[in-house]
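Encoded as structure tokens, the structure appears first; notes follow it.
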Amino acid sequence: MNALTLVRHNAHRVDVDGHAMLMHVPTTSLFELDGVARDVFDLFQRRSAVDAEAMRAELGARHAPGTLSDCLQSFLSLDILRDAEAPEAPARITKVEEIPLSTIILNVNTGCNLSCTYCYKEDLTTPAKGRKMAFETARASFDLLLKQARGRDRVNVVFFGGEPLSNVELIREVVAYAEPVARAAGKTVDFSLTTNATLLTEELVDWFDQHRFALTVSMDGPKALHDVNRRTVGGKGTYDVVARNVTMLLARYKSRPVGARVTLTRGVADVMGIHRHLKNELGFAEVGFGPATSGPIAVFNLDAEALGQVFEDMKALGRLYVEAACRGENIGFSNMHQLLTDIAQGTKKAVPCGAGLGMLAVDGAGDLHLCHRFVGSNQPTYGNVESGIDVPKLAAFIEKAQDRSDYGCRTCRIRSICAGGCYHESYARQGDVFAPVYHYCDLMRDWVDFGIEAYVRIMRANPGFFRTQLEPRITRSGAAKEVLSA
Ligand code: SF4
Ligand code: SF4
């Protein structure tokens, strides 16, 4: 055999409770290394290249030639081992010829009735100055979604703002239009929105329930934390009204679980306490955390030390999640749920998210943006709901997004999960939608290792958790023993 070499950026080993786990990076698949696979992998980690003679000399006394050969074949087929002389293949870019859509985000009003101190929206205005989307624009947006969703039986409409409920009249009109039109086209339409909850009424909640809206509430925890940033235009904390409306919402809402979305900022970063309050005391089904790191007002952004602490706290909450999952309970921690889903399903992303590919956001003028966060920014738009998507321009963007070789992503061990990170985060922080937010990268890699450990522990103690919660994908290979069967 020619000398072989380890393709280091395609294999990542994590040891969990004495089990040697190998993540196949291109597919985020997990294998448990058996005795021979572990020895072979260790040998290639120590040596830059190994030929047949070296293999025999090092491992010949411990493993039969056939076993070693099977193992090598498996590693070769996974591109974990490669001919030492083989040149690095160029980045694989999938050509984009059409833009299928599953989701349209309608920016129904630039106005918000609150004035949260950390809000990042570039086009945000007070209610009096809010620019509301006209129904004609919303209707054309939905028609575009249906046209671009050929072959799909479900489509999603997301209402975004400002505060979307500050233009609830439009939301009602869109639902009344979209449901029968989708039905006639043989599709189901799902609606979702994130709200600050201050404008919720019983009648509105019942109407949302009737139309099975996926609802998320922006809330930052108990009063002392929530009121730090989430205030009215006049500067008054909003906890009391939000908590009252959330209690009403959670008591009445039956069609779907309702989640909370927390923005962590300097001084508002008590992950455990916030989760306890929102999940156990108020009764949200799930709580998700988004650390503020790139907003325009630096004072709210978490610095490196605070961000590191947030990740430590997320891991502490993650350990509680694992303990509960082993007992068959789900404590409703969205970030952990997403991480385990990525690992269980073997995520294989070429781009970080659906922005521009499956999903577009529409502003009040009908112009198309990569996603809701870019509405109001100085970044390019990609067509209009009346004239259609500018396919060549958007295709060029998506093709460029697939190759982040210049930024180091190509050899990153979590590239199939991260794929370069949020375009908007990069744009806001670096001024370049493709430039990774590097201070985040190490933390994210560590977070994924934490997820691998969590996955292995839950799978060993209670595989049924994945069957009921995450629908795992089982990975098989002859090289290493099948991962952990579900
Ligand atoms: S952005 Fe950072 S963590 Fe993400 S793939 Fe690139 S290098 Fe890796
Ligand atoms: S670019 Fe960022 S904010 Fe926009 S959809 Fe993607 S991950 Fe979300």
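The values are calculated or read from the model by the stated rules, or taken from the named source; none is laboratory data. Everything numeric here is computed off the predicted structure, so don't read it as measured data. Positions of Cβ are backbone-derived with ideal geometry, glycine not excepted, and every protein chain shown enters the neighbour counts.
Quick one: would you say ILE99 is modelled with pLDDT of 85 or more, touching a helix residue (DSSP H, G or I) at 6+ places or on another chain (Cβ under 8 Å) and farther than 26 Å from LEU357 by Cβ?
So ILE99 fails the test.
Being within 15 Å of ligand 2 (Cβ to nearest atom), within 27 Å of GLY346 (Cα to Cα) and surrounded by fewer than 18 Cβ atoms within 10 Å (Cβ to Cβ) is the filter here, so list the residues in the stretch 379-401 that pass it.
LYS400
Yes/no matrix, rows are residues, columns are (1) under 30 Å from VAL189 (Cβ atoms); (2) under 24 Å from the mean Cα position of the chain (by Cα); (3) modelled with pLDDT of 95 or more:
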{"site": "VAL217", "(1), (2), (3)": "yes, yes, yes"}
{"site": "ALA224", "(1), (2), (3)": "no, no, yes"}
{"site": "ARG231", "(1), (2), (3)": "no, no, no"}
{"site": "VAL262", "(1), (2), (3)": "yes, yes, yes"}
{"site": "ARG276", "(1), (2), (3)": "no, yes, yes"}
{"site": "GLY283", "(1), (2), (3)": "yes, yes, yes"}
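Could you list, in sequence order, the residues of the stretch 227-244 that are free of Cβ contacts under 8 Å to residues at least 40 places away in the same chain and either under 18 Å from ALA260 (Cβ atoms) or polar (S, T, N, Q) (or both)?
Scanning the stretch 227-244 gives ASP227, GLY237, TYR239, ASP240, ALA243, ARG244.
Looking only at the stretch 418-453, count every residue that is within 17 Å of the chain's Cα centre (by Cα), among the small types (Gly, Ala, Ser), more than 10 Å from ligand 2 (Cβ to nearest atom) and over 19 Å from PRO26 (Cα atoms) and tell me the total.
0
Residue pairs, Cβ under 8 Å, 6 or more apart or interchain, first in the stretch 435-447 and within 13 Å of PRO352 (Cβ to Cβ), second of a type outside the set (S, T, N, Q) and more than 16 Å from ligand 2 (Cβ to nearest atom). List them.
Between residues of the stretch 435-447 that are within 13 Å of PRO352 (Cβ to Cβ) and residues that are of a type outside the set (S, T, N, Q) and more than 16 Å from ligand 2 (Cβ to nearest atom), the close pairs are PRO436/GLY408; TYR440/LEU307; CYS441/CYS412.
So which helices (runs of 4 or more DSSP H) stay within the stretch 383-453 end to end and still have 3 or more residues that are near ligand 1 (Cβ under 9 Å from one of its atoms) and out of contact with any strand residue (DSSP E or B) (no Cβ under 7 Å at 6 or more places or on another chain)?
415-418
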